[in-house]
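Report on one structure; see the data block that follows.
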Amino acid sequence: MTKSDYEKNSISLPGAVAMGTGVMIGAGIFALTGQIAELAGPLFPLSFVVGAIVTAFSAYTYIKMSNAYPSAGGIGMILKKAYGPTTVAAGAALLMTLSMVINESLVARTFGTYTLQALGGDPDSVLVPVLGVGLIVFAYLVNASGTRSVGLLSIVMAVLKVGGIALFGAAGLWASGISFEATGGGLGATSFVASVALSILAFKGFTTITNSGAEVTDPHRNVSRAIIWSIAICVVVYMLVAFAVGSSLPLDRIVAAKDYALAEAAQPALGQTGFYLTVALALVATASGLIASVFAVSRMLAMLTDMKMIPHSHFGMPGTIKDHTLVYTVVIAGFLTVFFDLSRIASLGAFFYLVMDMIIHFGVFRHLREEIGAKGWVLLTAIGLDAVVLAAFAAMKWQSDPLIVLVGIVGMVLVFLFVGIFLSRNPVRKGDHDHP
C-alpha cells in the first residue's frame with residue numbers, strides 16, 4: 001500500500017481546539033488530580049500553574065515549527081527536519097507516539113474506575129481494565145468511521161465537558177464556602193517539582209493539534225491559535241477543579257481516592273446528584289479524550305511509515321496504512337490498560353514525553369531556529385525546565401517505585417535500538433526524507 005490518505009481542511013479551528021482540550025481534560029483532571037496531590041501536597045493547584053508555564057515554553061517550539069511546516073506527521077515532521085532520517089529522529093518520534101498510547105491507557109483505566117464508582121464497585125476490580133478495553137474498542141470504531149465524524153464528536157463532547165467541569169468547579173467552591181480543606185502534608189521542594197511532571201502530562205494533549213496540522217483549515221495560522229486556546233482553556237478549568245477538590249476534601253482523602261478524586265470530592269460538596277453528574281462528566285471526558293488521541297496517534301504512525309522511518313506490516317489486513325496504524329494503536333493501548341495501574345502508566349508517559357520533548361527542543365535549537373525565526377533563549381529554557389522536572393520525578397520514583405524507572409529506561413533503549421537496526425538495514429532515500 002502506498003501513501004496514507006489525509007483529508008485537507010477537514011478539521012476547523014473549533015474542531016482543533018476541541019481535539020486538544022479533549023485529550024488534555026480527559027487525562028488531566030480525572031486521572032491525575034489525586035496523583036499530583038499525593039506528590040505536591042496542599043500546593044497541588046499551584047502544580048497545574050507551574051505545569052502550564054513549562055508547557056508554554058515547550059509549545060513555543062511546536063507553534064513555530066507548525067506555522068512554518070504544517071504536517072499530518074506533526075512531531076515526526078519536526079524531528080525529521082531537525083535531525084534528518086536518523087535513529088534519533090525516528091526513536092524520538094516513536095517515544096512521542098508511545099507516550100500518547102500510554103496516555104490512552106491511562107484514560108481508559110480512568111473510565112473504568114469512574115464507571116465502577118457509579119455502580120458501587122471496587123476500584124481495584126478486574127472490571128476496571130475490562131471496561132477500559134471496551135472504551136478503546138469504541139474509540140477505534142469511531143475513528144474507523146472517518147475524520148469528519150471525529151471532528152464533530154470532538155466539538156460536541158468538548159463543549160459538554162469543558163462547560164460541565166467548569167460548572168463542577170464553580171459549584172464545588174460555592175458549596176464549600178471557598179474554604180481550602182486540603183492543608184498539611186507535602187514532601188518538600190523536590191516532590192513538588194516532581195508533581196509538575198504529571199501536571200505537564202495534563203497539558204501535553206496540545207501536541208494532538210500539531211500531529212493533525214495538514215488537516216486543519218488554514219494551518220499556518222490556525223494550528224498555533226488552536227494550541228494557545230486549548231492550553232488557556234485548560235489552565236482555567238484545572239484551577240477551578242483543583243480548588244473545588246481542595247475545598248471539599250482534606251488532603252489524606254484526596255490521596256486515598258487518587259484514582260477517582262473528583263467523584264470523591266463531589267459527594268460532600270454537591271450531594272448524591274452531584275456525584276453522579278461528576279461520574280457522567282468523567283465518562284464523557286475520558287471517552288472524547290481517547291477518541292481524539294487515537295485519531296492523532298494513528299496519523300503520526302502512518303506518517304512515520306510513509307517516511308520509511310519505521311517498519312510496517314499489514315498482517316493480512318485490508319485497507320490503507322492509516323487503517324493499519326489505527327489497529328496497532330488500540331492493540332498497544334489495550335495491552336497497557338490490562339497490565340499496568342494508573343500510577344505506573346502516568347509515570348511511564350511522563351518519562352517518555354519529557355525525553356522526547358528535550359530532543360525536539362535541542363534539534364530545533366541546533367539546526368532550525370534561524371530558519372523558523374525562533375528565539376534561542378526560549379528553546380534553551382524549555383530544555384532546562386524539562387530537565388529539572390524529569391530529574392526530580394525520576395528521583396522520587398526511584399525511591400517509591402524503582403521498577404517503573406527501570407522499565408522506562410529499558411523501554412527507551414529498546415525503542416532507539418529497534419529503529420537503529422531498522423534504518424541501518426533500510427536506509428531512507430532522499431525522496432522519502434522530503435515527504436511533504
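FYI, it's all coordinate maths here, none of it is from the lab. Quick caveat, the model's predicted, so the values are computed rather than measured. Positions of Cβ are backbone-derived with ideal geometry, glycine not excepted, and every protein chain shown enters the neighbour counts.
Count the net charge of all other residues whose Cβ sits under 15 Å from the Cβ of LYS204, scoring Lys and Arg as +1 and Asp and Glu as -1. Kindly include the intermediate steps, with their values, before the conclusion.
Details: positive: none; negative: GLU104, ASP357, ASP386.
Local net charge: -3.
Once label points are set 7 Å from the Cα along Cα→Cβ at both LEU417 and SER145, what is their separation, rounded to one decimal in nm?
4.3 nm
Enumerate the amide H contacts of PHE340 below 5 Å, restricted to partners 5 or more residues apart or on another chain; note that Pro and chain-start residues carry no placed amide H.
none
By average Cβ neighbour count within 10 Å, what is the ranking of 119-126, 343-350 from highest down? Mind dumping the intermediate values first?
Numbers: 119-126: 11.6, 343-350: 24.4.
Taking the mean over residues of other Cβ atoms within 10 Å, the ranking is 343-350, 119-126.
Would you please give the residues with an amide H less than 5 Å from that of LYS308, counting only those at least 5 places away or on a separate chain, with H modeled from the backbone geometry?
none
What FRET efficiency do you get for THR273 and VAL49 if R0 is 22 Å and r is their Cβ-Cβ distance, rounded to the nearest 0.05? Intermediate values should be presented prior to the final figure.
Values: r = 31 Å, r/R0 = 1.40.
The formula returns an efficiency of 0.10 here.
What does the net charge come to around LEU390 if you take all other residues with beta carbon closer than 11 Å to its beta carbon, with K and R at +1 and D and E at -1?
Numbers: positive: LYS397; negative: ASP357, ASP386.
Here the charged neighbours net out to -1.
Tell me, TYR353, TYR83 in order of fewest to most beta-carbon neighbours within 10 Å? Write down the numbers at each step before the final one.
Details: TYR353 25, TYR83 21.
Ascending number of Cβ neighbours within 10 Å: TYR83, TYR353.
Computed on alpha carbon atoms, what radius of gyration and Dmax characterise the stretch 216-349, expressed in Å?
Taking only Cα atoms of the stretch 216-349, I get Rg and Dmax of 19.5, 55 Å.
How do ILE372, ILE409 rank when sorted from fewest to most other Cβ atoms within 10 Å of their own Cβ? Write out the running numbers ahead of the final one.
Values: ILE372 17, ILE409 13.
Ranking ILE372, ILE409 by Cβ neighbours within 10 Å, fewest first, gives ILE409, ILE372.
If Lys and Arg each add +1 and Asp and Glu each add -1, what is the summed charge of the other residues whose beta carbon sits under 14 Å from the beta carbon of VAL364? Write out the running numbers ahead of the final one.
Values: positive: LYS64, LYS80, LYS81, ARG366, ARG369, LYS375; negative: ASP357, GLU370, GLU371, ASP386.
Once positives and negatives cancel, what remains is +2.
Go through LYS80/LYS204; LYS161/LYS258; LYS258/LYS308 and tell me which ones have a Cα-Cα distance over 30 Å in this structure. Mind showing how you got there, number by number?
Numbers: LYS80/LYS204 20 Å; LYS161/LYS258 20 Å; LYS258/LYS308 42 Å.
In this structure, LYS258/LYS308 lie more than 30 Å apart at Cα.
Using the Kirkwood radius over C-alpha pairs as Rh, can you work out the diffusion coefficient of the chain via Stokes-Einstein at 37 °C, viscosity 0.692 mPa s, in µm² per second? All intermediate terms of the calculation are to be shown ahead of the outcome.
Working: Rh = 21.3 Å.
Here the translational diffusion coefficient equals 154 µm²/s.
List the residue ranges in the chain for DSSP H helices whose C-alpha atoms run 24 angstrom or more along the long axis and whose Kyte-Doolittle average is -1.0 or above.
On the way: long enough: 13-40 (36 Å, 1.37); 44-68 (36 Å, 1.08); 87-119 (48 Å, 1.06); 127-144 (25 Å, 2.22); 147-175 (41 Å, 1.55); 219-248 (44 Å, 1.28); 261-306 (53 Å, 1.19); 321-339 (27 Å, 1.39); 342-367 (37 Å, 1.13); 376-400 (36 Å, 1.31); 402-425 (35 Å, 2.50).
The answer, listed by residue number, is 13-40, 44-68, 87-119, 127-144, 147-175, 219-248, 261-306, 321-339, 342-367, 376-400, 402-425.
Counting other Cβ atoms within 10 Å of each Cβ, which chymotrypsin sites (Phe, Trp or Tyr not before Pro) in the stretch 393-426 have at most 14 and sit in a DSSP loop?
On the way: sites: PHE393, TRP398, PHE416, PHE418, PHE422; in loops: none.
Sparse-neighbourhood loop chymotrypsin sites (Phe, Trp or Tyr not before Pro): none present.
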